[in-house]
Amino acid sequence: MSVLVLQFIIKQWDKGETSESDVTRRQSIPDRYPLNLSTAESLFNAQVILDRHGYDRMGNKLPYMLTEDGYLLIDKFRICLNKGTVEYNADMSASTQARHIATLNNDSFQCRYDWRYRVEEGGYIYWLYEEVIMNVCVTDDVTEEIFTDRSIKQTFTDYRLS
């Protein structure tokens, strides 16, 4: 049975972390990791494996749900498990049409975007910036090297703030 493997890498920072060393540290974070099978989540009767890396300051970055019609909604993505399509909706509003960005097959592909959020915390208001990388693969053979041993065949980027 084919399994959808998702690996999310989250980089978050605020304006206090914009020095040259902060930027260098963020740039040194890999865009693919070995799949950590001991901590990855198996979802929806083992149809999906979710592997998370990075730091989620707010603790709520990757909520997900599976709709009755077979769509996995996760972050800014809508993945149809039945049709094998991936769509991206930057602002996740109902008035904005999602963009088809890929069709799932045995190749790996990568989606990258940046965003910012207004955060109110401890009496302060600030912008939280982030870069999110999602590695995606459909496979019959789940191994730790699924993302590190394969080349990325397609990359989708949406860098609005850069």
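Quick notes
- Residues in the stretch 134-161 that are of a type in the set (Ser, Thr, Tyr) and part of a strand (DSSP E or B): 139, 155, 157.
- The residues listed here are 157, 148, 143, 103; of these, the one that is modelled with pLDDT of 85 or more and in contact with a Ser or Thr (Cβ under 7 Å, 6 or more places away or on another chain) is 103.
- So residue 16, is it on the phi > 0 side of the Ramachandran plot and either loosely packed, with under 14 Cβ neighbours inside 10 Å or at pLDDT below 90 (or both): no
- Taken over the stretch 19-45, the criterion of being assigned to a loop (DSSP other than H, G, I, E, B) and surrounded by fewer than 12 Cβ atoms within 10 Å (Cβ to Cβ) is satisfied by 19, 28, 30, 38, 39, 45.
- Residues within the stretch 99-114 that are out of contact with any Leu (no Cβ under 7 Å at 6 or more places or on another chain) and more than 17 Å from residue 82 (Cα to Cα), tallied: 8
- Checking the stated criteria, residue 91 turns out not to satisfy the condition of being more than 22 Å from residue 56 (Cβ to Cβ) and either touching a residue at least 24 places away in the same chain (Cβ under 8 Å) or under 18 Å from the mean Cα position of the chain (by Cα) (or both).
- Residue count for the stretch 82-133, restricted to those that are in contact with a strand residue (DSSP E or B) (Cβ under 8 Å, 6 or more places away or on another chain), surrounded by 10 or more Cβ atoms within 10 Å (Cβ to Cβ) and not in a loop (DSSP other than H, G, I, E, B): 28.
The values are calculated or read from the model by the stated rules, or taken from the named source; none is laboratory data. Please read these numbers as outputs of a predicted model, since none were measured by experiment. Note that each Cβ is placed from the backbone with ideal geometry, even for glycine, and that neighbours are counted across all protein chains shown.
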